[in-house]
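Colleague: Quick one: this structure, given as structure tokens, is what I'll be asking you about.
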């Protein structure tokens with residue numbers, strides 16, 4: 001009898017087969033042998049002689065990386081045992097175990113103790129005991145846990161694998177929940193699916209359950225007959241969990257959806273909605289990914305009652321049954337590195353459909369399309385857009401359709417007088433079904449030069465010339481005379497020159513670093529022919545910190561500020577560890593007494609403008625406060641106050657938004673009316689994964705601020721409260737919402753919603 005031989009090892013690479021099975025990949029026949037590299041040639045020769053038969057038997061097998069603390073070879077039983085941190089690696093696959101025994105007579109391989117297998121797909125298998133034949137004709141596992149690459153977990157008491165690689169698991173449990181909390185401590189999954197038996201199909205990568213039940217927080221809730229999911233985590237066809245909601249307009253609603261995975265790049269979701277207070281509705285959403293881009297199309301449809309409205313949004317007769325619906329499509333295609341096409345097309349059958357069925361709270365919807373070509377020195381856009389009014393008291397026939405809008409810009413490669421030159425060509429056609437039509441074309445050239453002086457001042461020089469051609473018709477149908485322009489063909493020339501000087505001064509302050517940047521700008525333009533030109537895109541004018549130093553403080557192209565002016569101000573910024581405080585303030589002064597186009601109340605009508613500024617305070621990601629303001633130059637009355645503040649973490653926070661416009665502008669300018677609004681939102685987290693949340697929007701405008709407004713100074717528009725639970729694999733909650741706006745069949749009142757979502761299980 002030959003003695004048992006012991007070979008201490010951090011082993012050499014030796015011929016050891018390792019065969020993986022996708023998803024539940026196991027060890028193959030493992031003729032295991034490795035030994036420590038001998039220190040001398042004599043030791044190597046002696047070792048080779050004693051074990052020549054074993055080494056020769058191992059030669060010719062597929063090589064794997066093999067490590068173990070020691071190797072035992074028993075010639076009586078013809079077994080090889082590797083033990084102590086056994087590691088086997090082949091390509092992207094690896095196995096770790098405390099002990100591996102190969103019986104060379106029977107071909108059986110047994111791995112024991114804290115086994116961890118990683119397959120080529122990144123899935124991990126954990127078990128305590130694994131039995132295989134050297135041909136993988138059968139496999140048995142006990143007390144196993146399979147962790148998929150996407151994060152899902154499948155555990156079972158016993159499992160068997162057949163010759164085709166399929167796995168049958170007994171008394172199994174499946175979940176996508178993490179088993180560790182944020183501190184790394186063990187935790188129970190929020191939900192899991194338990195089953196008497198689970199089948200894994202290697203070829204189709206599907207997992208099928210028999211006798212399955214859904215458990216939530218350890219409580220068995222409902223059976224899941226016929227449950228089947230994808231092992232690779234990809235989307236699968238099937239039904240969602242129904243949703244329940246109660247609204248003032250539709251009563252109790254129950255909805256459910258069926259998801260159809262048509263192909264890897266296409267899917268379809270079809271939904272049905274049943275209501276107690278109105279007719280049922282159906283919807284469908286189709287999505288497709290192509291080699292050039294992606295697009296999706298969504299549609300809703302029903303045959304139900306609606307209240308007809310006039311063009312201005314007023315009721316027009318009794319309700320009647322009609323086909324109602326909404327269709328929306330959007331997509332983006334990238335044809336090459338420069339050329340792309342984007343679009344969003346939306347249409348509703350009537351003004352109240354989206355609000356009544358709680359699809360959208362928007363008061364208008366816009367359709368856009370744009371073909372763009374962008375390279376290093378040029379930009380070309382061929383675009384168009386159209387707007388459909390919903391909850392706006394305006395005639396749809398007065399709403400413009402812009403098509404086409406062509407914009408081309410070219411930056412010259414070679415400098416001119418040391419500066420850069422940009423050329424622009426632009427044309428636009430605006431059509432109204434019952435209003436003024438306008439066509440516009442212009443060409444622009446702009447030269448910019450930026451210099452840094454020896455003292456650190458930044459000096460910028462700008463020169464701009466532009467030529468415009470306009471044509472308009474039916475100008476009398478524009479209700480605001482200042483916007484109409486003169487009917488027929490009109491031309492205009494524009495020339496602007498500017499010098500802008502900034503001087504950043506940096507130094508220490510109270511342990512931090514502060515930067516003070518005084519700024520002065522001089523802009524001059526000759527008298528420009530403005531009033532004869534229709535104003536389509538420069539109506540919403542207001543002096544702000546964002547346009548204080550602009551060459552033209554009108555938005556858009558149709559109005560251009562002329563005359564000469566000096567604008568002055570300063571930027572200040574202070575940085576501490578974790579803190580950043582910045583502020584801007586400025587004012588402008590016109591050098592001439594010529595009349596201006598700016599309406600009274602915009603802060604720009606007199607020679608000295610109002611003061612405008614912005615202050616921002618930030619502390620890490622915990623605090624952000626932004627305050628924008630405009631102060632009357634004569635009495636420092638607040639003409640604009642806007643506050644946006646966020647305080648807290650991602651889980652517990654409060655958000656406050658406040659806006660007050662006190663400009664006293666004539667009511668003829670519908671884009672510039674005064675208003676006051678308060679927005680509140682917040683969330684309080686508790687008990688790890690629970691939270692309370694709420695939000696409100698309140699109209700604070702009264703008749704003294706806007707005579708056309710019917711509010712008494714405190715009019716809630718929308719409020720919401722709810723409770724939610726959210727962890728890594730489960731979302732659920734209950735929401736109460738109240739809408740205070742009522743229009744036709746879109747009623748005001750309370751709405752309640754209960755939602756529930758299990759991730760990676762085709763449930764929502």
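Colleague: Residues to consider are 169, 227; find the one that is closer than 30 Å to residue 106 by Cα and buried (at least 18 other Cβ atoms within 10 Å of the Cβ).
Modeller: On inspection, the qualifying residue turns out to be 169.
Colleague: I'm trying to understand the selection: among the residues of region 145-169, which are in a loop (DSSP other than H, G, I, E, B) and within 41 Å of the chain's Cα centre (by Cα)? Quick ask: steps written out before the conclusion?
Modeller: So in region 145-169, the residues in a loop (DSSP other than H, G, I, E, B) come out as 148-152, 162-166.
Across region 145-169, the qualifying residues are 148, 149, 150, 151, 152, 165, 166.
Colleague: Another one. Quickly run through region 433-473 and pick out the residues that are at pLDDT below 95 and crowded, with 16+ Cβ neighbours inside 10 Å.
Modeller: Across region 433-473, the qualifying residue is only 435.
Colleague: Please find, among 352, 302, the residue that is modelled with pLDDT of 95 or more and closer than 30 Å to residue 741 by Cβ.
Modeller: Details: 352 fails: modelled with pLDDT of 95 or more.
Of the residues listed, the single one that is modelled with pLDDT of 95 or more and closer than 30 Å to residue 741 by Cβ is 302.
Colleague: Does residue 569 meet the test of being touching a residue at least 40 places away in the same chain (Cβ under 8 Å) and assigned to a strand (DSSP E or B)?
Modeller: Values: touching a residue at least 40 places away in the same chain (Cβ under 8 Å): yes; assigned to a strand (DSSP E or B): yes.
Taking the combined requirement at face value, the residue satisfies it.
Colleague: Checking residue 566 against (1) farther than 27 Å from residue 465 by Cβ; (2) modelled with pLDDT of 95 or more, which single condition isn't satisfied?
Modeller: (1)
Colleague: Quick check: anything in region 210-223 closer than 30 Å to residue 355 by Cβ, assigned to a strand (DSSP E or B) and more than 27 Å from the chain's Cα centre (by Cα)?
Modeller: no
Colleague: Can you pull out every residue in region 511-520 that is buried (at least 16 other Cβ atoms within 10 Å of the Cβ) and under 39 Å from the mean Cα position of the chain (by Cα)?
Modeller: So the first thing to find is which residues in region 511-520 are buried (at least 16 other Cβ atoms within 10 Å of the Cβ), and the list is 514, 517, 519-520.
The answer is 514, 517, 519.
Colleague: Additional query: I'd like to check something: does region 324-335 contain any residue that is surrounded by fewer than 14 Cβ atoms within 10 Å (Cβ to Cβ) and modelled with pLDDT under 95?
Modeller: Among the residues of region 324-335, not one is surrounded by fewer than 14 Cβ atoms within 10 Å (Cβ to Cβ) and modelled with pLDDT under 95, which makes the answer no.
Colleague: If you don't mind, another one. Against the condition free of Cβ contacts under 8 Å to residues at least 40 places away in the same chain, over 30 Å from residue 569 (Cα atoms) and over 36 Å from the mean Cα position of the chain (by Cα), how does residue 480 come out, does it pass?
Modeller: Answer is no for this residue.
Colleague: Answer yes if at least one residue in region 484-497 is touching a strand residue (DSSP E or B) at 6+ places or on another chain (Cβ under 8 Å) and within 30 Å of residue 455 (Cα to Cα), and no otherwise.
Modeller: Yes, the conditions are met somewhere in region 484-497.
Colleague: Also: When residue 476 is evaluated against the numbered criteria (1) exposed (fewer than 15 other Cβ atoms within 10 Å of the Cβ); (2) touching a helix residue (DSSP H, G or I) at 6+ places or on another chain (Cβ under 9 Å); (3) assigned to a strand (DSSP E or B), which criterion, by number, is the only one it fails?
Modeller: The one condition residue 476 does not meet is (3).
Colleague: From the list 89, 98, 112, exactly one residue is in a strand (DSSP E or B), at pLDDT below 85 and either surrounded by 15 or more Cβ atoms within 10 Å (Cβ to Cβ) or in contact with a helix residue (DSSP H, G or I) (Cβ under 8 Å, 6 or more places away or on another chain) (or both). Which is it?
Modeller: Step by step, each of 89, 98, 112 is checked, and only 89 is in a strand (DSSP E or B), at pLDDT below 85 and either surrounded by 15 or more Cβ atoms within 10 Å (Cβ to Cβ) or in contact with a helix residue (DSSP H, G or I) (Cβ under 8 Å, 6 or more places away or on another chain) (or both).
Colleague: Given the options 324, 355, 351, name the one that is part of a strand (DSSP E or B), over 27 Å from residue 427 (Cα atoms) and in contact (Cβ under 8 Å) with a residue 24 or more places away in the chain. Break it down stepwise before answering.
Modeller: On the way: 355 fails: part of a strand (DSSP E or B); 351 fails: part of a strand (DSSP E or B).
After ruling out the rest, the residue left standing is 324.
Colleague: Would you pick out the residues in region 99-114 that are free of Cβ contacts under 8 Å to residues at least 60 places away in the same chain and either out of contact with any strand residue (DSSP E or B) (no Cβ under 8 Å at 6 or more places or on another chain) or farther than 14 Å from residue 68 by Cα (or both)?
Modeller: 103, 105, 106, 108, 110, 114
Colleague: For region 236-296, please list each of the strands (runs of 3 or more DSSP E) lying entirely inside it that holds at least 3 residues being surrounded by fewer than 14 Cβ atoms within 10 Å (Cβ to Cβ).
Modeller: Output list reads 251-263.
Colleague: Here is a further query. Suppose we keep only residues that are more than 19 Å from residue 665 (Cβ to Cβ) and surrounded by fewer than 20 Cβ atoms within 10 Å (Cβ to Cβ) within region 529-544. Which one would you say is modelled with the lowest pLDDT?
Modeller: 529
Colleague: Inside region 390-409, can you point out the residues that are in contact with a strand residue (DSSP E or B) (Cβ under 8 Å, 6 or more places away or on another chain) and at pLDDT 90 or above?
Modeller: The answer is 399, 400, 401, 402, 403, 404, 405, 406, 407, 408, 409.
Colleague: Still on this model: In region 62-74, is there at least one residue being within 24 Å of residue 142 (Cβ to Cβ), outside the structural domain of residue 201 (by TED's automatic domain parsing) and at pLDDT 50 or above?
Modeller: yes
The values are calculated or read from the model by the stated rules, or taken from the named source; none is laboratory data. Given the structure is predicted, the values throughout are model-derived calculations rather than measurements. Note that each Cβ is placed from the backbone with ideal geometry, even for glycine, and that neighbours are counted across all protein chains shown.
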